Each structure stands twice: as C-alpha cells, then as structure tokens.
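The values are calculated or read from the model by the stated rules, or taken from the named source; none is laboratory data. All values derive from a computational prediction rather than experimental measurement. Cβ placement follows ideal geometry from the backbone for every residue including glycine, while neighbour counts extend to all protein chains displayed.
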C-alpha cells in the first residue's frame, strides 16, 4: 500500500480546538509531526500546554492558547492571536465539544440545551466564521475548515436528542459552507466518528464501554489515534491545486484562492 505524502502541508498554520485530549490531541500531534505550525486551544491550561510542549519536544512548532470555545468572542480572540503570532492562518479544526445523553428529550432542562449548543454549535460556527475570514485575508493557498461532528449527526440515537441536534447542525453547516467557499479554494469537511475511546466517557464502567463497543460494526470502539489520519487527509485535500471534494463526494473543478470578497480586502 502506497503511503500518503504530507509534505505539501509543511509550514501551514492550523488551529485545533479541544486539543488538550482525545481526538483533538491526536489531530494536533499528527499535524505537528507532519510539519504544520499548530495552535492548541482548550480550557485546560495544564493539559493543553503539555500537548504543545510535546509537539515542540519532537521538533515541531506549536503554541497553546487557553480558550473557552463555547464563547464566540473567545474564538475570535483565538484567531486574532494566532494571526498575530504566526502572521497568517491556513486552517481551523473545530473539535471542542461535549457529550450529553441517556435520557428522553423531556427530561433535559433548558440549561442543558444552552450549555451543549453554546459549545457544540455556536463554538463551531464561530470557528468557521472567524477562521474563514482570517484564511481569506491570509490569501492561503489550500485553506481548510474541518469540523469534528459525529455519527450522531447522520443517524439519530435514542436518548441523544440534544447531542444529535448539535451534530446534525454541524454537518449541515459544513455542507453549506463547502459550497460557500469552494470558489475561494477553501475546502470544508466534517469527520463523523462513532464511539471513540477518549476521556469524554469519563469513568464509565467496563460494562458500559462493552455496550458501546457492541453497537459498533467491528464490535470495538477505535482509539483516538485512529482519527488523526482522517484529519490530516482532509487537510491534505485542501492542497490539491485544481480540485476539491464536493459535499456529495464527487470531484469537481475549483479555482485557486486568489479572489477575496471585497469586504475582507
């Protein structure tokens, strides 16, 4: 099997939210290993800094910026600080999110709705909005937006009304934004993982993890490291000079990133 060449991504600047653990950490580390300059964003200063330090210890280039990704203003500040530090922005991976479920819809409180939507939906919107603006202003060749959604954004799951709603929304925003930015050479993709062994499960008992695994086609939940390759593959797709993947998966022609909306010039 021919190994994929990621040399084209070297020196690109990317933000990864929720980079302190789980899938976000795996993607940030993979980006760093492949020569990208990584901005690790998360609420936990200790864990997030440790990830950035780990990337640098292996010869990579990374910084940590403590960020509450449930606040649009904090995401804007994150993007502004990234551009101030590196001079540009090439991509954003909106990964930060929380899980919530196990009960029928009527048992949720309004506060539950507000909490999960502020991070899983508004946080992703802000990452795409402010990220796209900065990528366009940077005149990035091969800009990209990657959103970590979920299989729950494709197939509804019992007891997951609020979580599924946020992830369906992420998938919808991703598809629409892919059409918005195709002419500017910015690719927009979503990763929809199923159950993955990360700290989002907390101290769930072994019986619960066995149940989740039994719901997977392969009867096992993948490790977080298995999600790093799709993240970098989606990133590499942005480097193809003449094509991009449309929302329906077809290969179509695209223009290079040169034309920038007048209001962003």
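Which pairs have Cβ atoms under 6 Å, sit 6 or more apart or on different chains, and link a residue in the range 28-53 that is farther than 23 Å from residue 119 by Cα to one that is part of a helix (DSSP H, G or I) and modelled with pLDDT under 95?
That search, which allows pairs on different chains as well, returns 30/228; 30/232; 34/9; 36/9.
Residue by residue, here is whether (1) touching a helix residue (DSSP H, G or I) at 6+ places or on another chain (Cβ under 7 Å); (2) outside any helix (DSSP H, G or I); (3) within 30 Å of residue 139 (Cβ to Cβ); (4) modelled with pLDDT of 95 or more holds:
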site: 23; (1), (2), (3), (4): yes, no, yes, no
site: 56; (1), (2), (3), (4): no, no, yes, yes
site: 75; (1), (2), (3), (4): yes, no, yes, yes
site: 85; (1), (2), (3), (4): no, no, yes, yes
site: 93; (1), (2), (3), (4): yes, yes, yes, yes
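Right, residue 66: under 20 Å from residue 125 (Cα atoms), out of contact with any strand residue (DSSP E or B) (no Cβ under 6 Å at 6 or more places or on another chain), free of Cβ contacts under 8 Å to residues at least 40 places away in the same chain and surrounded by fewer than 20 Cβ atoms within 10 Å (Cβ to Cβ) or not?
Yes, satisfied.
Just to be sure before I move on: is residue 19 over 19 Å from residue 140 (Cα atoms), touching a residue at least 12 places away in the same chain (Cβ under 8 Å) and more than 17 Å from the chain's Cα centre (by Cα) in the structure I sent?
So residue 19 does not fit the description; no.
Taking only the range 120-166 into account, find how many residues are in a helix (DSSP H, G or I) and under 14 Å from residue 92 (Cβ atoms).
Qualifying residue count for the region: 15.
One line per residue, one yes/no per condition, for (1) in contact with a helix residue (DSSP H, G or I) (Cβ under 8 Å, 6 or more places away or on another chain); (2) modelled with pLDDT of 95 or more:
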residue	(1), (2)
101	yes, no
121	yes, yes
132	yes, yes
139	no, yes
164	yes, yes
171	yes, yes
181	yes, yes
190	yes, yes
199	yes, no
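Just to be sure I understand the filter: pairs with C-beta atoms under 6 Å, separated by 6 or more residues or on different chains, first member in the range 168-180 and under 17 Å from residue 117 (Cβ atoms), second member modelled with pLDDT under 95 and part of a helix (DSSP H, G or I). Which pairs pass?
Listed pairs, sorted by first residue: 168/153; 170/153; 171/153.
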